[in-house]
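Contents: one structure, followed by commentary.
The values are calculated or read from the model by the stated rules, or taken from the named source; none is laboratory data. Everything numeric in this text was worked out from a predicted model, so none of it was measured. Note that each Cβ is placed from the backbone with ideal geometry, even for glycine, and that neighbours are counted across all protein chains shown. Note: areas computed on protein heavy atoms with side chains; ligands, DNA, RNA excluded. Shrake-Rupley method; radii C 1.70, N 1.55, O 1.52, S 1.80 Å.
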Amino acid sequence: MRARYGVPLGIAAAGAAGLLYAAGFEARSFRLRRVTVPVLPSGMRPLRVLQVSDIHMVGGQRKKQRWLRSLAGLRPDFVINTGDNLSDPEGVPEVLDALGPLMEFPGAYVFGSNDYYGPKLRNPARYLFEKAQGRHGLNGNPPAVGVVHNPWEDLRDGFDAAGWLNLTNTRGTLKIEGVSVELTGLDDPHIKRDRYEQVAGGPSDTADFSMGVVHAPYLRTLDAFTADAYPLILAGHTHGGQLCIPFYGALVTNCDLDTDRVKGLSTHTSEGRTAYLHVSAGCGTNRYTPVRFACPPEATLLTLVGRE
């Protein structure tokens, strides 16, 4: 009996324990990442930027909502929301409530695919198959059919009413205590809504500092921002890999970005220029895969300082 069933039962027990940990603890173990980025012109005062991403709000997620509201205590100079706020068509009021205290600060946003469309139940192993075949999102895959349409217009109207800048394939400028911060944003490349040609040309001469914002860090968008001399790009989408292997890291990024840069601060080079890239691991999950392992949910406070 022991020889025949002991090992399989042990594996099953370990798997069940890991699933309970990933869903019951780590997916709700919210963290704040702090990063310093030397990108500002010499002599400019530091700027504190709070990046929130991939909230994937589902009704009833009270702990997540309380944690998001608490981030206002950081008192950032401005807030950047890099998309995928929803994982439930009924989640807009709870997103706006959770982000309400943060919307008292200057801010801007881009949308991700899950702001527009509800998630579908899918086998997580498909991410590995698509990676091996070089297919990601709608880039090489058939168009999505039979999907739920989320009320993204209500989300947009709530953000706009608070004064946050809509960076959907456009530029905007924030004034932070006399400092002009230019933000250039793209709609989500994961579903081919990015239109870089509408914002091409690089930073404006009139801005004190400029940066790029996009939901999914596809290489074509990173190449374009970097070649146009933006010193910093903020993105989300990857969930940091979501299910990672301890001491190894992420297996997938759900885009064509390499796994070495799946989350945190790195650099990107294109046409002889280099930009800093920060990819947020986000603070939520798809409602059908509400687990994280070796990759806790997060927001990031970036302190921008003068170039070295």
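Scanning the stretch 262-308 for residues that are among the β-branched types (Val, Ile, Thr) and touching a helix residue (DSSP H, G or I) at 6+ places or on another chain (Cβ under 8 Å) turns up Val262, Thr269, Thr274, Val279, Thr285, Val291. If you go through the stretch 191-215 and keep only what is in contact with a strand residue (DSSP E or B) (Cβ under 7 Å, 6 or more places away or on another chain), open to solvent by less than 60 Å² (accessible area, probe 1.4 Å) and farther than 13 Å from Asn169 by Cβ, you end up with Pro203, Ser204, Ala207, Phe209, Ser210, Met211. Per the listing Gly284, Gly264, the residue uniquely on the phi > 0 side of the Ramachandran plot and either small (Gly, Ala, Ser) or free of Cβ contacts under 8 Å to residues at least 60 places away in the same chain (or both) is Gly264. Hey, among the residues in the stretch 97-117 that are open to solvent by 10 Å² or more (accessible area, probe 1.4 Å) and touching a Ser or Thr at 6+ places or on another chain (Cβ under 9 Å), which one's nearest to Trp67 (Cα to Cα)? Per the stated criteria, the residue is Pro101. Taking the condition free of Cβ contacts under 8 Å to residues at least 40 places away in the same chain, touching a strand residue (DSSP E or B) at 6+ places or on another chain (Cβ under 8 Å) and not hydrophobic (A, V, I, L, M, F, W, C), does Gly60 pass? When the stated conditions are applied, Gly60 does not pass them. Ile245 meets the conditions (1) under 30 Å from Phe293 (Cα atoms); (2) under 20 Å from the mean Cα position of the chain (by Cα); (3) touching a residue at least 12 places away in the same chain (Cβ under 8 Å); (4) surrounded by fewer than 24 Cβ atoms within 10 Å (Cβ to Cβ) in every case but one. The failed one is (2).
Kindly provide the set of residues from the stretch 63-96 that are part of a helix (DSSP H, G or I), surrounded by 22 or more Cβ atoms within 10 Å (Cβ to Cβ) and free of Cβ contacts under 8 Å to residues at least 60 places away in the same chain, ordered by number. Hit for the stretch 63-96 is Glu94, nothing else. State whether the residues of the stretch 176-190 include one that is touching a Leu at 6+ places or on another chain (Cβ under 8 Å) and under 22 Å from Pro119 (Cα atoms). The answer is yes; a qualifying residue exists.
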